[in-house]
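To start, the structure itself, in structure tokens.
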Amino acid sequence: MKRISTFIMILVCTFASAQNINDVLRYSQENIIGTARFQAMGGAFGALGGDLSSLNVNPAGSAVFNFSQFTISGSNYNRNNDAFFGSTVRNSDTNTIELNQVGGVFVFKSTDNPWKKLALSFNYDLARNFDNEFAVAGNTTQGIDNYFLNFAQGETLNNLRVQQGENIEDAYLNIGADLGFGAQQAFLGFQAGIIEPTVDEDTNTSYFSNAEYTNVNQRYIQNTSGYNSKFTVNVAGQYQENLYLGASLNFHSVLYDRLTLLDEDGYDVSSPVQSTTFDNFLHTEGYGFSFSLGAIAKLNDNIRVGGSYQSPTWYELTDDVSQRINSTLAVADINFIDFGIVNLFEEYRIKVPAKLTGSVAVVFGKDGLLSFDYGHQDMSQAELRPTTDPNFTSENDFIASELGVVNTYRLGGELRIDEVSLRGGYRYEQSPYENGTVIGDLNGYSGGIGYNFGGSRLDLAFSRTEQDVNTLLFDAGINSTAMVNHINTNVTLGYTLKF
């Protein structure tokens with residue numbers, strides 16, 4: 001009977017927001033993971049076009065194609081993380097294989113019209129692969145009790161009790177639905193015996209910790225999976241000999257799962273609590289929309305310039321959260337609160353700011369080319385919506401004060417020797433944070449080779465990016481962080497067929 005009633009509660013349970021700046025950053029950052037040629041040249045295609053993934057930079061690029069063609073690409077993603085916590089370092093390594101790009105372009109030519117070409121194209125790109133994991137283990141002065149005390153202070157003890165006629169899992173869901181996320185976390189801490197009321201009265205609003213320690217040992221694992229994909233529908237045209245114009249509609253799809261596991265011990269011998277486990281599972285899914293406009297101009301036979309506008313991306317997202325907790329002082333039925341008990345958040349929205357890109361390329365006939373892109377995006381304009389939500393108002397003020405302009409620089413080159421193309425690229429992206437200490441600057445290098453068979457082409461690319469991220473283990477009550485050095489390495493194989 002418990003599982004039936006819990007299922008009903010899952011359907012109706014909605015509660016106050018717990019979204020924050022991390023959600024905004026997660027869906028605003030895109031990796032360079034398109035076609036193999038695009039990756040090998042660092043994504044510097046704003047003034048070049050002629051590649052399906054170049055539509056992500058400049059939608060005028062499809063008008064550069066001389067033939068209709070189809071491209072498909074698959075990648076091996078390697079994530080290598082060194083996590084520094086306390087005085088220890090732990091390494092984690094993950095590998096996944098994905099079909100990360102597929103698309104086609106249809107080119108229609110005209111000989112008696114100032115519009116020399118019209119191109120209609122579609123393309124699917126895996127804008128970001130969330131598959132990742134890092135682990136930390138070490139000694140810290142901030143135990144998990146601080147997390148629960150942060151939410152408990154000010155909550156009446158009566159709100160944290162299981163009421164008559166309730167199961168513990170029903171009480172957990174009801175508190176989330178009626179009183180919000182904070183009260184629900186306080187309930188978990190109290191029922192697990194980690195925090196205790198100062199006075200055993202229903203009106204009590206003050207709490208202390210049952211965990212006594214100078215330092216505690218923590219073991220923490222964060223595992224993420226999912227994707228942020230983009231499906232693009234594009235139209236572009238060539239006017240006269242030297243001007244290309246284009247527009248795209250972009251349809252985004254999000255699936256994100258995050259599992260965190262915490263084990264804590266090492267308390268004083270006299271401590272009532274001797275060990276604690278606290279696990280969380282977040283599932284997010286949703287969709288988004290954006291559009292882009294762009295132009296490419298040939299200044300002469302060798303030099304091209306390009307410019308593009310990427311609109312804000314508007315996401316509609318829903319979260320659900322599951323938790324489980326235990327300790328040496330937990331109530332007997334605490335294990336009924338597990339990952340099968342799901343809290344559903346109300347739908348919320350994220351606006352990722354617009355982006356401007358300027359580009360220049362030098363083409364050396366059939367021998368090769370050099371290309372440079374500069375991108376500008378003001379992340380302080382990002383927003384959680386609806387802005388009328390008081391929780392979002394304060395968080396948006398925080399976003400505006402913490403985030404700043406992200407300048408992106410991409411450089412790519414290609415050398416052609418008969419049917420063989422040798423490629424290389426470099427990418428630099430500034431931290432979205434004003435101070436650059438939470439998330440560091442990103443540096444990336446890439447290279448690749450392609451072979452043209454005439455009617456088809458095979459391309460291979462290798463790309464590597466590195467970035468330091470100072471990661472909070474929990475969003476409230478605990479300031480301890482893990483400095484994680486992320487090294488992402490992609491190997492991509494792509495096949496292009498002309499028709």
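The values are calculated or read from the model by the stated rules, or taken from the named source; none is laboratory data. What you see is a predicted model; the values in this text were computed from it and never measured. So basically every Cβ, Gly included, is an ideal-geometry build from the backbone, and we count neighbours across all protein chains shown. Accessible surface is based on the protein model in full, side chains and every heavy atom, while ligands, DNA and RNA are left aside. Shrake-Rupley method; radii C 1.70, N 1.55, O 1.52, S 1.80 Å.
Summary table below
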quantity: Residue count for region 340-362, restricted to those that are open to solvent by 20 Å² or more (accessible area, probe 1.4 Å) and farther than 28 Å from Gln29 by Cβ; calculated: 2
quantity: Any hit, region 98-107, residues being within 23 Å of Leu245 (Cβ to Cβ) and in contact with a helix residue (DSSP H, G or I) (Cβ under 6 Å, 6 or more places away or on another chain); calculated: yes
quantity: Subset of region 281-314 [hydroxyl-bearing (Ser, Thr, Tyr) and buried (at least 19 other Cβ atoms within 10 Å of the Cβ)]; calculated: Thr284, Ser290, Ser292, Ser308, Thr313
quantity: Residue within region 430-438 that is buried (at least 20 other Cβ atoms within 10 Å of the Cβ), in contact with a helix residue (DSSP H, G or I) (Cβ under 7 Å, 6 or more places away or on another chain) and not in a strand (DSSP E or B) present; calculated: yes
quantity: Matching residues in region 101-123 - criterion: being open to solvent by 60 Å² or more (accessible area, probe 1.4 Å), of a type in the set (A, V, I, L, M) and more than 30 Å from the chain's Cα centre (by Cα); calculated: Leu118
quantity: Among (1) open to solvent by 60 Å² or more (accessible area, probe 1.4 Å); (2) more than 30 Å from Asp338 (Cβ to Cβ); (3) not charged (D, E, K, R) - the single one Gln238 does not satisfy; calculated: (1)
quantity: Hits in region 439-454 - residues which are part of a strand (DSSP E or B) and farther than 29 Å from Ala382 by Cα; calculated: Ser446, Gly447, Gly448, Ile449, Gly450, Tyr451, Asn452
quantity: Considering residues of region 124-159 that are of a type in the set (Asp, Glu) and closer than 30 Å to Asn479 by Cα only, the residue most open to solvent (accessible area, probe 1.4 Å); calculated: Glu133
quantity: Given (1) modelled with pLDDT under 95; (2) within 30 Å of Ala186 (Cα to Cα), index of the condition Lys366 fails; calculated: (2)
quantity: Scope region 183-198; condition touching a residue at least 24 places away in the same chain (Cβ under 8 Å) and either open to solvent by 20 Å² or more (accessible area, probe 1.4 Å) or over 33 Å from the mean Cα position of the chain (by Cα) (or both); matching residues; calculated: Phe190, Gln191, Gly193, Ile195, Pro197
quantity: Matching residues, region 63-100, being without any contact (Cβ under 8 Å) to a residue 60 or more places away in the chain and surrounded by fewer than 16 Cβ atoms within 10 Å (Cβ to Cβ); calculated: Asn66, Ser87, Thr88, Val89, Asn91, Asp93, Asn95, Thr96, Ile97, Leu99
quantity: Residue in region 377-394 that is in contact with a Lys or Arg (Cβ under 6 Å, 6 or more places away or on another chain), loosely packed, with under 15 Cβ neighbours inside 10 Å and closer than 27 Å to Leu52 by Cα present; calculated: no
quantity: Among (1) open to solvent by less than 60 Å² (accessible area, probe 1.4 Å); (2) in a loop (DSSP other than H, G, I, E, B), the one test that Gln218 misses; calculated: (2)
quantity: Total residues in region 36-56, condition more than 13 Å from Leu411 (Cα to Cα) and not in a helix (DSSP H, G or I); calculated: 3
